[in-house]
1. Please count how many residues of segment 200-216 are touching a helix residue (DSSP H, G or I) at 6+ places or on another chain (Cβ under 7 Å) and not aromatic (Phe, Trp, Tyr).
2. Scan segment 143-152 for residues that are in contact (Cβ under 8 Å) with a residue 12 or more places away in the chain and within 28 Å of residue 238 (Cβ to Cβ) and report the count.
3. How many of the residues making up segment 41-56 are more than 20 Å from residue 117 (Cβ to Cβ) and in contact (Cβ under 8 Å) with a residue 24 or more places away in the chain?
4. Across segment 14-64, what is the number of residues that are over 20 Å from residue 186 (Cα atoms) and basic (Lys, Arg)?
5. Given the criterion crowded, with 17+ Cβ neighbours inside 10 Å and at positive phi, identify the matching residue among 99, 111, 95, 69.
6. Does residue 155 qualify as being closer than 22 Å to residue 58 by Cα, surrounded by fewer than 17 Cβ atoms within 10 Å (Cβ to Cβ) and either of a type in the set (A, V, I, L, M) or touching a residue at least 24 places away in the same chain (Cβ under 8 Å) (or both)?
7. Scan 142, 152, 180 and give me the residue that is under 20 Å from residue 260 (Cβ atoms) and not small (Gly, Ala, Ser).
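Readers should treat all values here as calculations from the given coordinates under stated rules, not as data from a laboratory. This is a predicted model, so every value here is computed, not measured. Neighbour counts are summed over all protein chains in view; Cβ atoms, including those assigned to glycine, are modelled from backbone coordinates with ideal geometry.
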Amino acid sequence: MNTITVTDGTTIYYKDWGSKNAQPIVFHHGWPLSADDWDTQMLYFLEKGYRVIAHDRRGHGRSSQVSDGHDMDHYAADAAAVVEHLDLRDAIHIGHSTGGGEAAHFVARHGKGRVAKLVLIGAVPPIMVKTLANPGGLPIDVFDELRRQLAVNRAQFYRDFASGPFYSFNRPGAKVSQTVIDNWWRQAMMGGAKAQYDGIRAFSETDFTDDLKIIDVPTLVMHGDDDQIVPLADSAPLSAKLLKKSRLKVYEKFPHGMCTTYADVVNRDLLAFIKS
């Protein structure tokens, strides 16, 4: 396995496919998944001649199930360690959901001189939780309930999450894929409960406003208008306004897990943005 050990001793697993001379695309996965969630995109862009890289966030997938460091500062630093280890330059960074927050934090804090473009898909920035400064956010009770369900019966909680709102399989007439549900559950159960429990706070309470204001590379913000996990109104349009060079693309009836259920559309639009 490809792994590196970061400064606090945590082992981070990563995939690195393709020619070392090709332009790199770095993928940042969502909660509570792993680099495997990007397999469809990685195979697609590998075939298009790109070098594709994805890592398992600390405590997730094949990375160390450590007790601490489950916050955006550590997430971004771990991603930076992978980028520096592979000496990636002129890279496109693509983040989904929690991975969108991680990617934004990385680009703002560690990406100077290494990043060509950024893509945020169904991403958590600017901030998910409701605060005085963010009155349109979700109440903290929503995230407390996620933590409660995870602690009581993580396996059942994840089964319900994947078979319901994540892919909008709970909508009338939805075309449900049991294999997609099973693959989501498999990835989620590979990770550590402590990391995933703490990760809820990281993705819901981190304020990325300052990061978005700092980022000066072209950024594509993609979001489905049927996203039941990261509601559109309080995320993508606000992020696009804060970014210096943004392009907002909203997809009618697309769910949070659009990279899987609408991979053909997502991949096509990603390629067009990368080539633009």
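1. Restricting attention to segment 200-216, the residues satisfying the condition of being touching a helix residue (DSSP H, G or I) at 6+ places or on another chain (Cβ under 7 Å) are 200, 202-204, 206, 208-209, 211-215.
Still in the running and not aromatic (Phe, Trp, Tyr): 200, 202, 204, 206, 209, 211-215.
Qualifying residue count for the region: 10.
2. Let us first name the residues in segment 143-152 that are in contact (Cβ under 8 Å) with a residue 12 or more places away in the chain, namely 143, 146-147, 150-151.
Narrowing further to those that are within 28 Å of residue 238 (Cβ to Cβ): 143, 146-147, 150.
Residues flagged as in contact (Cβ under 8 Å) with a residue 12 or more places away in the chain and within 28 Å of residue 238 (Cβ to Cβ) within segment 143-152 amount to 4.
3. 1
4. Total satisfying the criteria: 3.
5. 69
6. Considered against the rule, which asks whether it is closer than 22 Å to residue 58 by Cα, surrounded by fewer than 17 Cβ atoms within 10 Å (Cβ to Cβ) and either of a type in the set (A, V, I, L, M) or touching a residue at least 24 places away in the same chain (Cβ under 8 Å) (or both), residue 155 comes out as yes.
7. 180
Per-residue answers, yes or no, for (1) among the polar types (S, T, N, Q); (2) within 18 Å of residue 266 (Cα to Cα); (3) in contact with a strand residue (DSSP E or B) (Cβ under 8 Å, 6 or more places away or on another chain):
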{"site": "2", "(1), (2), (3)": "yes, no, yes"}
{"site": "28", "(1), (2), (3)": "no, yes, yes"}
{"site": "31", "(1), (2), (3)": "no, no, no"}
{"site": "38", "(1), (2), (3)": "no, yes, yes"}
{"site": "56", "(1), (2), (3)": "no, no, yes"}
{"site": "79", "(1), (2), (3)": "no, no, yes"}
{"site": "92", "(1), (2), (3)": "no, yes, yes"}
